[in-house]
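Written below as structure tokens is the structure these notes are about.
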2 protein chains.
Amino acid sequence: MNKAVVLLSGGLDSATTAAIAIAEGYQVIALSFRYGQRHYKELEAAKKIAEALGIQEHFVIDVSLSQWGGSSLTDESIDIPQDGIEPDIIPSTYVPGRNTVFIAIALSLAEAKNAQAIYLGINAVDYSGYPDCRPEYLQAYQQLANLSSKAGIEGNTPQLIAPLVKDSKADIVRRALKLNVPIADTWSCYQGEEIPCGLCDSCRIRDRALLEVGRVDLTSAVFLNSNCQ
Amino acid sequence: MNKAVVLLSGGLDSATTAAIAIAEGYQVIALSFRYGQRHYKELEAAKKIAEALGIQEHFVIDVSLSQWGGSSLTDESIDIPQDGIEPDIIPSTYVPGRNTVFIAIALSLAEAKNAQAIYLGINAVDYSGYPDCRPEYLQAYQQLANLSSKAGIEGNTPQLIAPLVKDSKADIVRRALKLNVPIADTWSCYQGEEIPCGLCDSCRIRDRALLEVGRVDLTSAVFLNSNCQ
């Protein structure tokens, strides 16, 4: 059985991506990160999802990007924006180098485990404009991967696969529902509070999509009671 | 004063690279890794070198690549080769994804600290044939860096600089001596023992170069007493 490493943050996109990799016949190795994120409770969600999807191997790696901050997700002194997405502006929730670090560690794991693929929940449609979510970024990373490894020299570089990269968030919700992803167990909110804030970009994008596909029951209470809809 | 992140392993090459970055006028931020390496005592050397060179900021990051092994440097059940370098074979000391992970974390730090450059001690002449030490690998990484970051979009991507990439090891020793790098404080041996083993690839390459430039006093005792010369 072919193996795939899946970056599993605990959010909706990565959970759906893991379900897609399984549906496509891979034995999935999940990989999550404790990087100093404010919303580290997403890791509890990642654990639940891995269990729900029957994933046997799940690595949680410490890599403290919060030592130098530079993002409202890793530096508590910077507030998470709550006023909605501003077009053409990269928000303060952007974490310098995060995806580059995560994919690098996934490449290490994939090569050590002889995995053929790395599945990523990256999305470049309903997203916050992060540069490291764009298709051209992934293409450049594949080029690097081909040159970086012993596996690459032998022609066995793991392929970077981003099945959701061109989907709208509503499309992602539809795919999640079809694949029986436990959406209620996923965690997308940038705040690490008891319940989702309903106001950060991540909550807004998620809740609007859930509303669009008629699953108002899965949206956050704050979102429902606010004017964000 | 422009800032540069320098990957400082504690070995001869990275110490020399740090000295070069300083000589070229940068305020250096050193970055070292505890990645599950057998020879973690190189981190003591990194600390000494940072102090000797007057580097004020030194981050040591944990990222446990030994969780999945795949290398004799991170898996104690695989012996370090001691019989000399075999041409055209990537040895078991190759750590899957290591440089890709280290440079990714350096990019994160550089972006958060507004550093203009990342200096790397990578060398593709007297080395062990690792794929992630070649100039084409670095070029591909620069392409990725340009696309990956907010800094890149703004045209301020940190430049990856590998001043030793085309030098012979003897050339590196000469540069180190000229820049007053405390060579005796650097640690290159892959074994993490009390004294350098003198037999691993790293010891052999280093000791031969020291001998070549007439600094027999700095070679390892085992090397001197063996037939490796």
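A few remarks follow.
- Scanning the range A:1-18 for residues that are over 10 Å from A:Thr186 (Cβ atoms) and either assigned to a strand (DSSP E or B) or open to solvent by 10 Å² or more (accessible area, probe 1.4 Å) (or both) returns A:Met1, A:Asn2, A:Lys3, A:Ala4, A:Val5, A:Val6, A:Leu7.
- Residue in the range B:49-74 that is most open to solvent (accessible area, probe 1.4 Å), counting only those that are more than 14 Å from chain A (Cβ to nearest Cβ) and in a loop (DSSP other than H, G, I, E, B): B:Gln56
- Close contacts from the range B:32-45, counting a first residue that is within 17 Å of B:Leu12 (Cα to Cα) and outside any loop (DSSP other than H, G, I, E, B) and a second that is among the basic types (Lys, Arg) and open to solvent by 30 Å² or more (accessible area, probe 1.4 Å), with Cβ to Cβ under 9 Å and a gap of 6+ residues or different chains, come to B:Ser32/B:Lys47; B:Phe33/B:Arg98; B:Leu43/B:Arg34.
- B:Ala140 vs. criteria within 14 Å of chain A (Cβ to nearest Cβ), within 30 Å of A:Gln143 (Cα to Cα) and without any contact (Cβ under 8 Å) to a residue 24 or more places away in the chain: yes
- Scoring A:Lys169 on the criteria (1) touching a helix residue (DSSP H, G or I) at 6+ places or on another chain (Cβ under 6 Å); (2) without any contact (Cβ under 8 Å) to a residue 40 or more places away in the chain leaves a single failure, condition (2).
Yes or no, residue by residue, for (1) within 14 Å of another protein chain (Cβ to nearest Cβ); (2) acidic (Asp, Glu):
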position	(1), (2)
B:Gln116	no, no
B:Asn123	no, no
B:Gly129	yes, no
B:Pro163	no, no
B:Pro182	no, no
B:Ser188	no, no
B:Glu194	no, yes
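- Residue ranges of helices (runs of 4 or more DSSP H) in the range B:75-156 with at least 3 members surrounded by 19 or more Cβ atoms within 10 Å (Cβ to Cβ) and of a type outside the set (Lys, Arg): B:98-112, B:135-148
- For the range A:111-140, filtering for residues that are under 17 Å from the mean Cα position of the chain (by Cα) and at negative phi leaves 20.
- The set of residues from the range B:165-180 being in a helix (DSSP H, G or I) and either within 14 Å of chain A (Cβ to nearest Cβ) or open to solvent by 10 Å² or more (accessible area, probe 1.4 Å) (or both) comprises B:Lys169, B:Asp171, B:Arg174, B:Arg175, B:Leu177, B:Lys178.
- Filter result for A:Ile29 (touching a Lys or Arg at 6+ places or on another chain (Cβ under 8 Å), β-branched (Val, Ile, Thr) and open to solvent by 20 Å² or more (accessible area, probe 1.4 Å)): no
The values are calculated or read from the model by the stated rules, or taken from the named source; none is laboratory data. None of the values given here were measured: they were computed from a predicted structure. Backbone-built Cβ (ideal geometry, glycine too); neighbour counts: all protein chains shown. Heavy atoms of the whole protein, side chains included, go into the accessibility calculation; ligands, DNA and RNA do not. Shrake-Rupley method; radii C 1.70, N 1.55, O 1.52, S 1.80 Å.
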